[in-house]
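First the structure, in the form of structure tokens, and then the observations on it.
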Amino acid sequence: MSGFAGSPRTLRGALVTVPATGSLAQAVVFQYNPDAVSRSLKPRAAPSEQHVGPADAHRVWGAPVETITMSVELDATDQLEVVDPVAARSGIAPQLAALELLLYPPSSLVVMNAALLQLGTIEILPAEGPLTLLVWGPGGAVPVRLDGLTISEQAFSPSLSPLRASVDLSLQVLSYNDLPVSDPGHALFLAHQVVKEALATQAGRVSVPMTTAATASGLAVG
């Protein structure tokens, strides 16, 4: 929150996980919002079984494939100043663990699958991960898959607990092309797109009549 009187309250971004089991959602709230967020959008390719010809030149095969990268800073200094017992004992290790576990299957499931293999189970499906949401910006929450983490730990306590770190996040947005209709993320991404469409109407776009566009095209060619 800003220290200036009358300043608007600054919201903090977060990664929220919603387990498929229906248990309580968990949130990893960013201690500090990133200074920069990079977003890459590419047109979705046609399905592999689809024959694409000249008649499909203007066809849109679905929502674009979007990748988001950002760097999140973690620092235990503020907590150490108020003698927070968790920070004094573990630094920022709990926050790092919460981020890293987004890439792990639950250990209980790993143990259960190992037991099933010992009992002769032929096929065991990979674990079903939670629905992960990136809470950021005017679009609200958007479903994502964490593609990778790069963690740079920069300071340590006498017991070698990390006290400061920079975490580079690489996320792929999951659209209605990637999720079944029954998945809550399907509706969330659709709502995300509706918000974008509403914002686009405020951009002051000017409609150009087809005859004018055709004339301009002819002049350009000439």
Checklist entry - When you go through (1) at pLDDT below 75; (2) touching a strand residue (DSSP E or B) at 6+ places or on another chain (Cβ under 7 Å); (3) among the β-branched types (Val, Ile, Thr) one by one for residue 37, which number turns out not to apply? => result (1)
Checklist entry - Hey, any hits in segment 203-210 for a residue that's at pLDDT 85 or above, basic (Lys, Arg) and more than 20 Å from the chain's Cα centre (by Cα)? => result no
Next on the checklist: Name the residue that is surrounded by the fewest Cβ atoms within 10 Å (Cβ to Cβ), counting only residues in segment 110-124 that are among the polar types (S, T, N, Q) and part of a helix (DSSP H, G or I).
Outcome noted: 118
Checklist outcome for this item: If we keep only residues of segment 138-168 that are part of a strand (DSSP E or B), in contact with a Ser or Thr (Cβ under 8 Å, 6 or more places away or on another chain) and of a type in the set (Gly, Ala, Ser), then the residue nearest to residue 197 (Cα to Cα) is 148
Next on the checklist: Please count how many residues of segment 14-24 are surrounded by 12 or more Cβ atoms within 10 Å (Cβ to Cβ), small (Gly, Ala, Ser) and over 15 Å from residue 171 (Cα atoms).
Outcome noted: 1
Checklist entry - How many residues does segment 61-74 hold that are open to solvent by less than 50 Å² (accessible area, probe 1.4 Å) and under 18 Å from residue 15 (Cβ atoms)? => result 7
Checklist outcome for this item: Of the conditions (1) hydrophobic (A, V, I, L, M, F, W, C); (2) in contact (Cβ under 8 Å) with a residue 60 or more places away in the chain; (3) not in a loop (DSSP other than H, G, I, E, B), the single one that residue 63 does not satisfy is (3)
Checklist entry - So is residue 165 open to solvent by less than 40 Å² (accessible area, probe 1.4 Å) and more than 30 Å from residue 45 (Cα to Cα) or not? => result yes
Item to check | Positions within segment 84-109 being loosely packed, with under 13 Cβ neighbours inside 10 Å and of a type in the set (S, T, N, Q), in sequence order | outcome: 107, 108
Checklist entry - Would you call residue 129 on the phi > 0 side of the Ramachandran plot and modelled with pLDDT under 95? => result no
Checklist entry - Can you tell me which residue in segment 132-149 is surrounded by the most Cβ atoms within 10 Å (Cβ to Cβ), limited to those that are at pLDDT 80 or above and farther than 22 Å from residue 180 by Cβ? => result 136
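The values are calculated or read from the model by the stated rules, or taken from the named source; none is laboratory data. None of the values given here were measured: they were computed from a predicted structure. Every residue, glycine as well, gets a Cβ built from its backbone with ideal geometry; the counts of neighbours run over all protein chains shown. Areas reflect the complete protein model, heavy atoms only, side chains present, ligands, DNA and RNA absent. Shrake-Rupley method; radii C 1.70, N 1.55, O 1.52, S 1.80 Å.
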